[in-house]
Amino acid sequence: MAAVLLSGEDPGRIADARGRLVSLWAGPSAEAEMRIERLSGADLRRDGRGLGDALKAQGFFPGPRVVILEDATDGLAPVAEAALEDWREGDARLVVTAGSLPARGALRRLFEGRRGLVAITFYDDPPDAAELDALLAEAGVGSLEPEARALIETAAQSLPLFELCGLLERLALYGFGDTGPVAAEAVEALLPDGAEADLDALLAAVAAGEEARIPSILQRLSAQGVNGVAIATGLGRHLRAAMGVAAAKGGRDSALASLRPVPFGARRTALLRLASWAPERLENAAGLILELDRNLRGGSPAPQGALVERALLRLVRLGR
């Protein structure tokens with residue numbers, strides 16, 4: 001393998017993958033850093049020959065070399081193609097990182113269509129159960145109580161990857177030396193509470209029809225790095241819970257008690273208010289959330305913030 005292209009909307013996942021790949025190719029030793037060369041897209045736009053020279057250069061320290069090209073764009077595809085055309089075993093391997101690239105763009109076509117080149121695209125989706133298990137094992141977190149697991153799964157829906165990994169590392173440190181399962185209280189104590197509290201506030205504002213509160217809550221979530229997809233995912237999860245409570249035959253209190261984690265305070269009140277909506281309104285609300293999620297993930301030209309705010313205002317008016 002001569003080169004790998006890492007692209008997508010989540011810089012945390014790309015940085016993590018880049019670090020793993022460079023460590024795999026150059027080695028984990030301290031001197032490996034001396035065999036790594038870093039270039040930027042701006043460097044190559046000034047001098048396109050710099051990439052080919054970097055791949056062919058002989059390092060002062062013996063061992064495999066790696067060249068990292070950051071912030072690449074489709075405009076650099078001819079430069080990368082020319083540099084990799086003459087790649088031979090023993091040359092430096094190349095790791096290219098980029099933001100979101102079109103599926104039929106020149107850079108992805110180059111890396112997806114040539115032997116020895118690989119394109120890996122990271123999508124801004126929360127980890128599934130298998131990925132979360134892998135992250136827990138890597139962080140060294142042992143067994144979890146069911147409620148603790150539910151709390152972590154909920155946090156994984158809205159936290160950026162680097163924050164989720166930080167949470168799991170703190171959990172492993174918190175329970176170091178303990179033989180029993182991690183309790184829900186430990187997870188609650190270590191959760192970054194700002195974003196979750198603001199998501200609860202957003203849910204409460206929608207359920208109560210408090211339209212004027214929505215812009216300021218969205219501003220706080222944006223300042224914490226919570227993107228539109230995470231907001232849509234969180235609201236969709238709460239809406240599904242409210243629909244389950246509304247349809248429960250054993251009463252709403254028992255339905256709420258069966259949720260994991262069990263809602264309390266403002267979240268419980270908001271879920272009860274949503275569950276009191278007429279069934280057709282809840283179905284229309286679910287359609288609005290699905291439409292929002294589809295627009296956010298589908299590359300709509302409209303700004304994410306505007307899409308989210310418009311959908312939330314429509315939800316509030318639907319509730320009225």
Among residues belonging to segment 263-320 that are basic (Lys, Arg) and at pLDDT 85 or above, point out the one that is surrounded by the most Cβ atoms within 10 Å (Cβ to Cβ). ARG273
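In segment 268-291, is there at least one residue being among the small types (Gly, Ala, Ser), within 30 Å of SER100 (Cβ to Cβ) and without any contact (Cβ under 8 Å) to a residue 24 or more places away in the chain?
The first filter runs over segment 268-291 and keeps only residues among the small types (Gly, Ala, Ser), leaving 270, 275-276, 278, 285-287.
Okay, now just the ones that are also within 30 Å of SER100 (Cβ to Cβ), so 285-287.
Now drop any that are not without any contact (Cβ under 8 Å) to a residue 24 or more places away in the chain, which leaves 287.
Yes, there is a match, as at least one residue in segment 268-291 is among the small types (Gly, Ala, Ser), within 30 Å of SER100 (Cβ to Cβ) and without any contact (Cβ under 8 Å) to a residue 24 or more places away in the chain.
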Can you give me the ranges of the helices (runs of 4 or more DSSP H) entirely in segment 1-91 with at least 2 residues that are in contact (Cβ under 8 Å) with a residue 40 or more places away in the chain? 11-26, 77-85
Those residues of segment 88-119 which are under 18 Å from PHE162 (Cβ atoms) and of a type outside the set (S, T, N, Q), in sequence order: GLY99
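Let's see how each residue does on (1) among the aliphatic types (A, V, I, L, M); (2) at pLDDT below 80; (3) surrounded by fewer than 19 Cβ atoms within 10 Å (Cβ to Cβ); (4) over 21 Å from TYR123 (Cα atoms):
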site: CYS165; (1), (2), (3), (4): no, no, yes, no
site: ARG170; (1), (2), (3), (4): no, no, yes, yes
site: ASP178; (1), (2), (3), (4): no, yes, yes, yes
site: VAL206; (1), (2), (3), (4): yes, no, no, yes
site: GLU210; (1), (2), (3), (4): no, no, yes, yes
Quick check on segment 279-297. Is at least one of its residues in the same structural domain as ARG220 (by TED's automatic domain parsing) and not in a helix (DSSP H, G or I)? no
From ALA148, ALA98, which residue is under 23 Å from VAL226 (Cα atoms), buried (at least 18 other Cβ atoms within 10 Å of the Cβ) and in contact with an Asp or Glu (Cβ under 8 Å, 6 or more places away or on another chain)? ALA98
List every residue pair whose Cβ atoms sit under 6 Å apart, with the two residues 6 or more apart in sequence or on different chains, where the first one lies in segment 113-134 and is charged (D, E, K, R) and the second, anywhere, is modelled with pLDDT under 85. ASP124/GLU9; ASP124/ASP10; ASP124/VAL229
Could you grab me the full set of residues in segment 213-254 that are under 13 Å from GLU309 (Cα atoms) and among the polar types (S, T, N, Q)? SER216, GLN219, SER222, ASN227
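The values are calculated or read from the model by the stated rules, or taken from the named source; none is laboratory data. For clarity, every value in this text was computed on a predicted model and none was experimentally measured. Please note: Cβ atoms are built from the backbone with ideal geometry, for glycine as well, and neighbour counts cover all protein chains shown.
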